[in-house]
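Remarks on the structure that follows.
The values are calculated or read from the model by the stated rules, or taken from the named source; none is laboratory data. Note that the coordinates shown come from a computational prediction; the quantities given were computed from them, not determined experimentally. Positions of Cβ are backbone-derived with ideal geometry, glycine not excepted, and every protein chain shown enters the neighbour counts.
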């Protein structure tokens, strides 16, 4: 008998409540992901004590603890946890920081559903970040 695989567990961390709800809705639609959301880094850390996601989408610029600080704390706990930076920043220093910090993906806002789904598939299937940058069409749906 075929068993359905367990839904992908995802944590979304962003201080923009409207964007947070939109991304959660998109992820819930895609294969019925189990999604939790946090509005800042401290809230995310609290959630991580009771929720073990396979993947997190983390905004870079948030009040209090920024995304890079949160990534560092998550990476101190585990390297198995996949991380996609979710940001409006096209800044070269942020892109370089993504490569240097060992995150698994980098998604620009505004979030496009097709790119989000493709990036999640790439990250879950261990496509290296460098290949994602060279193979993704950032301007199309």
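Brief remarks follow.
- Hits in region 74-98 (condition: surrounded by 14 or more Cβ atoms within 10 Å (Cβ to Cβ) and not in a strand (DSSP E or B)): 74, 75, 81, 88, 89, 94, 95, 97, 98
- Residue among 62, 37, 1 that alone is at pLDDT 95 or above and either surrounded by 13 or more Cβ atoms within 10 Å (Cβ to Cβ) or part of a loop (DSSP other than H, G, I, E, B) (or both): 37
- Count of region 112-128 residues which are touching a strand residue (DSSP E or B) at 6+ places or on another chain (Cβ under 8 Å) and surrounded by fewer than 17 Cβ atoms within 10 Å (Cβ to Cβ): 1
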